[in-house]
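Only one structure is covered here, and it is reproduced in the block below.
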Amino acid sequence: MFRNRMPRYEILSPDAIGVLDRGWRRIVSEIGIQFAKPEAVELFAKAGQRTDGDVVFLDPEFVLEQVAKAPREFDVQARNPANSVHIGGDQMVFGAVYGSPFAREGDVRREATMSDFRRLASLQRRHDLAVAFAAFEARNYAGVRPVDKDPAEYVREAEEDGTARQGGSLSIGSLKKA
């Protein structure tokens, strides 16, 4: 888990923030948002928002009220508690997500596909492996001490005394003959 201990800066001027504020308010109230699910449109209508077919026109104050209900910080619980993450505050969480609606190859911009996601996930995995390798290299900057052992004996000893690390090559399966 990374912590962001950097000071926070307001990079936009008050005038620029005003432009952004007026822009989002105009989009939600005058242009509207198109929803693919009729159930979503019905929910907004029941909440008092104006609708026209599949387009919902939101009152900006309604949007601000809804946003104010969201917690500033929360935890995302993983099946394995070691993989749970805290969102918000000074916590920083990095991960591969599929969120890009477009992909670019050279000068061609197109809609992204599941294949693009798989390629992105593969890149993330390669990055994780590269970081793990760099950490190994840093721990062993002077080199790995050579050990003159018979590989089969080394594996047998590791399996017998339980030193085979979980997730390592020795835990994939036993080399013992059935």
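Here residue 121 and residue 50 are evaluated by their C-beta separation; at R0 = 30 Å the FRET efficiency comes out at 0.15.
In this Cβ point-charge picture (+1 for Lys and Arg, -1 for Asp and Glu), region 2-92 has a dipole of about 360 debye about its Cα centre. With helices as the sole contributors, the chain gives -12000 deg cm²/dmol at 222 nm; each DSSP H run of n ≥ 4 counts as -39500 (n - 2.57), and the sum is divided by every residue. Note on 10, 65: ascending count of other Cβ atoms within 10 Å places them as 10, 65, the fewest first.
Summary value for the chain: 13 percent relative contact order, contacts being C-alpha pairs under 8 angstrom separated by 6+ residues.
Can you bin region 2-92 into rounded, prolate or oblate? Criterion: square roots of the alpha carbon gyration tensor eigenvalues sorted a ≥ b ≥ c, rounded for a/c under 1.5, prolate for a/b above b/c, oblate for the rest. In terms of gyration-tensor shape, oblate. If you count Lys pairs in the chain whose Cα atoms are under 30 Å apart, skipping same-chain pairs closer than 8 places in sequence, the total is 5.
In the chain, a dipole from Cβ-located charges (positive for Lys and Arg, negative for Asp and Glu) runs towards its positive end, and of 48, 143, 11 it is 143 whose Cα lies farthest in that direction. Ranked for footprinting exposure by Cβ neighbours inside 10 Å, fewest first, 69, 37 give 69, 37. Decide, for the chain, between rounded, prolate and oblate: order the square roots of the alpha carbon gyration tensor eigenvalues as a ≥ b ≥ c, take rounded if a/c falls under 1.5, and otherwise choose prolate if a/b is larger than b/c, else oblate. Since a/c reaches 1.5 and a/b is larger than b/c, the shape of the chain is classed as prolate. By the beta-carbon count within 10 Å of each Cβ, the least crowded to most crowded order of 31, 87, fewest first, is 31, 87.
Quick note: the coordinates plus some simple rules give every number you see, no bench work behind them. Everything numeric here is computed off the predicted structure, so don't read it as measured data. Quick reminder, even Gly has a Cβ in these numbers, built from the backbone with ideal geometry, and neighbours come from all protein chains shown.
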